[in-house]
1. With the convex hull built on the Cα atoms of region 48-100, state its orientation-averaged projected area in nm².
2. Working out 0.36 nm times the residue gap between residue 254 and residue 158, then minus their Cα-Cα distance, what length gain in nm do you get to one decimal?
3. Can you show me the helix-derived [θ] at 222 nm for the chain, built from DSSP H runs with n ≥ 4 at -39,500 (n - 2.57) apiece and divided by the number of residues, rounded to the nearest 500.
4. Once label points are set 7 Å from the Cα along Cα→Cβ at both residue 51 and residue 114, what is their separation, rounded to one decimal in nm?
5. Return the Rg/Rh value of region 163-240, two decimal places, where both radii are evaluated on C-alpha atoms and Rh is the Kirkwood radius.
6. With a ≥ b ≥ c taken as the square roots of the eigenvalues of the C-alpha gyration tensor of region 116-162, please select rounded if a/c is under 1.5 and otherwise prolate if a/b is larger than b/c or oblate if it is not?
7. Length gain on complete extension for the stretch residue 102 to residue 212, per 0.36 nm per residue less the alpha carbon to alpha carbon distance?
8. Please report 62, 202 as a ranked list, fewest other C-beta atoms within 10 angstrom at the top and most at the bottom.
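Bear in mind these aren't lab numbers, they're just calculated from the coordinates by the rules spelled out. Not measured: the values here are computed from a predicted model. With ideal geometry, Cβ positions are generated from the backbone for all residues, glycine too; neighbour counts draw on all protein chains shown.
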């Protein structure tokens, strides 16, 4: 197991991994994959599915690997239908944060419009987040929201990310800013960290290969390891020092090299920061 010190990492925080990164490996060997993640120096993880394992099984596998599961992602649909079950799972599994990983629609969207949101949709999402946040807080956990790119598509003169910040209760809803998707969506992670230093408590760290043309639905970004693409995390962490970041997670969307090598490159990049 790695003995890399925490103080050698940005913000003095433990190295974290979003387990979506190893979504293809976990179903084949859940406990073994977690141990390999820990061997690379990762100490905290964020879940994105449990692959049929019970909360007790997840807790035991995390403990055996020497990992702390800090948070977990759920879709808006899952939260609206099964929040009580999710809370019960967390009470056994122990993760502190329950996060909405993608927004929902007030009314079922037309086919092909699943990733398009009206201002009314965003207002509805804010209402849902406050409602879920109150219930999650009452149960002893924290509720948060993780962005992708639609939050930065201006609607009726409004940037949805700013609207969500304005309409959600800081006591009930925190934000996990995905620096990669903010950048791809046309936003600036540094500016948001300065603008909302007390609302953003977690970061997702990912990188994309440099491209000649701007991102579009027909020209999606190509993932690469941290430090090998288009995003400089130096200024992002400099801005984060002035905020209230409690956790950050590497999220490697895809691999060009063996996955353990890829996650080691990510970890080494952060240690050098």
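1. Values: hull surface 13.4 nm².
Orientation-averaged projected area of the Cα hull: 3.3 nm².
2. Values: separation 96, 0.36 × 96 = 34.56 nm, distance 3.22 nm.
Length gained between residue 254 and residue 158: 31.3 nm.
3. Details: 9 runs with 102 residues, N = 273.
About -11500 deg cm²/dmol.
4. 2.3
5. Values: Rg = 13.6 Å, Rh = 13.5 Å.
We get a ratio of 1.01 for region 163-240.
6. Numbers: a/c = 3.56, a/b = 2.25, b/c = 1.58.
Here region 116-162 falls in the prolate category.
7. Details: separation 110, 0.36 × 110 = 39.60 nm, distance 2.82 nm.
Fully extending the segment from residue 102 to residue 212 adds 36.8 nm.
8. Details: 62 21, 202 24.
Ordered by Cβ neighbours within 10 Å, fewest first: 62, 202.
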